[in-house]
Amino acid sequence: MAIDRRHFLTAASAAALTAVGGGAGWAAGGAEDLVAQAGLSGEVSYLVADLKSGLVLESRNPNLGMPPASTAKAITSLYALETLGPEYRFRTRVIATGPVRGGTLEGDLVLAGGGDPTLSTDDLGDLAARLVAKGVRAVRGRLLVWGGALPYAAQIAGDQPVYVSYNPSVSGLILNFNRVYFEWRRAGSGYQLGMDARGERFQPRAYSTDVALAQRQSPLFTYSEQGGKEHWTVAAGALGRGGSRWLPVRHPELYAGDVFQTLARAQGLDLPAPQPVSSLPRGEILVERGSDPLGRILVDMLKYSTNVTAEAVGMTTSVARGAPAALGRSGASMSGWLTQRLGGGGARFVDHSGLGAETRISASEMVHALAALGPRVGLRGLMKGFKLRDDDGKILQNQSLRVDAKTGTLNFVSSLAGYMTAPDGTELVFAIFTGDLARRRAAAQVEQPAGGRDWVRRSKILQSRLIERWAALYG
């Protein structure tokens, strides 16, 4: 439903003053007790409102701009659903620039990405098999790969460790969430190392990237590029007996082309080495793959919090709107859209995933967006059910409350925003933001800083206690 912004923000401010002044009696004091008991450094901000009327029921620092972390993906979902619609599908195409005669393509073969963030190795394997089944047995020209459907970005956020897989490159050709699988195992006195692009049915070796062992304790990984190939080194002292992890890909077109070449070869179709191109050649579409509908993609994005999915979806939305779509500028395009849709506000997005350090939105703006825009596109139905925690931070097994929300976690930042149904059926909408920005800045380039896990654990306990409080008071 539409909510008058002036009424909404005035109510938020009034609720904040009541809480600070203690005029609401036990309700306000109880909330402050919960915040004190959490013992969090930094800031705590929240707002809860009645979904039907928009009436603010309780708030604390509701107009303070806070880093939303992955709850920003809820705004990205609204942005995309309103513009593209839930049935929108991304397309990946294989194009011929010349005719096919006697099984031979007299021209170039083009693997053209369409910004699909869910494209997998198995999907490429199926495209290769369909290409051969269509009668293509040889290619006289080149294998070209095109990712220009979306502007390229080497990474989503610059303050993350170089090796974390949740901070890969972004382009219009995305494979395996732009990650490569690194596996190691003991082999005699050393290690056997491997890099592949595994799916569920295919496991081709990755030739566009390699890894070497370095006799050191730290850093854990180093990264470099040479001749268009990605090179990693890994510290031998950190490997133990064996294991695996995903690493980010920075040259997604070469990676996808490399994998497609290998999969085509397995079907009997030898292709030349892939060559990225900046402009899409014209030609005939031989085979193509359509993604799942956007609504289904968003369900998985909100559940698994995949950053590259959020960036691809958000940037595709900006392209469709004719707005600036490069990573940082696309975030600003979404900021402008939200300000226009809410009739004002100061939200500032530098990306669509919430990974960037400078993104800010207030609890008031988040709740206003969820209440005014969410029901129109069925956002609650796309969100994952949220499990409450006990005072030790463990998941409660018998939860009576229905809570559908998006979580967000960064170093010394924890957020939660969504919808809840109180025991009497009253529907509430809320946002809870906690963050210690000084400690977050100090933990830049660190994957697991000292004290970070305990800080987030205490924040999540506070979120559960606040939700239980609101259900008891307003349900």
I need the peptides 323-329, 441-447 ranked by packing, meaning the mean over residues of other C-beta atoms within 10 angstrom, with the highest value on top.
323-329, 441-447
For the chain, the longest principal axis of the Cα atoms and the Cα long axis of helix 363-372 enclose an angle in degrees, to the nearest 10, of 80
For Rg and Dmax of the Cα atoms in Å, which listed value, (1) 24.5, 85; (2) 28.8, 107; (3) 52.0, 199, comes from the coordinates shown?
(1)
Kindly state, to the nearest 0.05, the FRET efficiency for ASP424 paired with ASP392, given R0 = 35 Å and r defined as their beta-carbon distance.
0.75
Contour minus Cα-Cα span, ALA442 to ALA214, at 0.36 nm per residue, comes to 79.3 nm
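Note down the net charge around VAL180, summing +1 for each Lys or Arg and -1 for each Asp or Glu among other residues with Cβ under 11 Å from its Cβ. Mind showing how you got there, number by number?
Working: positive: ARG179, ARG198, ARG205, ARG245, ARG250; negative: GLU183, ASP196, ASP210, GLU230, ASP258.
Around VAL180, the charge tally is 0.
Looking at the range 56-148, which GluC sites (Glu not before Pro) are in a loop (DSSP not H, G, I, E or B) and have at most 15 other Cβ atoms within 10 Å?
Details: sites: GLU58, GLU82, GLU87, GLU106; in loops: GLU87, GLU106.
Sites meeting the loop and neighbour criteria: GLU87, GLU106.
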Cα gyration tensor shape for the range 231-290, rounded if a/c is under 1.5, else prolate or oblate:
prolate
What nm distance separates the two modelled labels at ALA187 and GLU288, each placed 7 Å from Cα along Cα→Cβ?
4.3
Euclidean distance between Cα centres, the range 419-436 to the range 60-104, Å
27
For the range 202-279 versus the range 113-169, the gap between their alpha-carbon centres in whole angstrom:
13
Looking only at the range 214-233, which residues have a backbone nitrogen under 20 Å from a spot 7 Å from the Cα of ARG265 in the C-beta direction?
227-231
In the range 454-475, which residues have a backbone nitrogen under 15 Å from the label point lying 7 Å from GLN399's Cα in the Cα-to-Cβ direction?
460-471
Between the range 286-318 and the range 322-340, how many Å separate their Cα centres?
18
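Kindly state, to the nearest 0.05, the FRET efficiency for ASP50 paired with ARG137, given R0 = 51 Å and r defined as their beta-carbon distance.
Numbers: r = 65 Å, r/R0 = 1.28.
Rounded to the nearest 0.05, the efficiency is 0.20.
Would you please give the FRET efficiency between ARG89 and TYR304, computed as 1/(1 + (r/R0)^6) with r the Cβ-Cβ distance and R0 = 22 Å, to the nearest 0.05? The partial results should precede the final answer.
Values: r = 20 Å, r/R0 = 0.89.
Calculated transfer efficiency: 0.65.
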Cα lying deepest toward the dipole's positive end in the range 426-475, options VAL446, LEU428, VAL456, charges on Cβ
VAL446
For the chain, what is the number of Lys pairs with C-alpha distance below 27 angstrom, counting only pairs 8 or more positions apart or on separate chains?
25
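Only the coordinates and a few stated rules stand behind these numbers; no lab work does. Since the model is a prediction, treat every value here as computed from it, not as a measurement. When we count neighbours, we look across all protein chains shown, and the Cβ atoms used for this are built from the backbone with ideal geometry, even at glycine.
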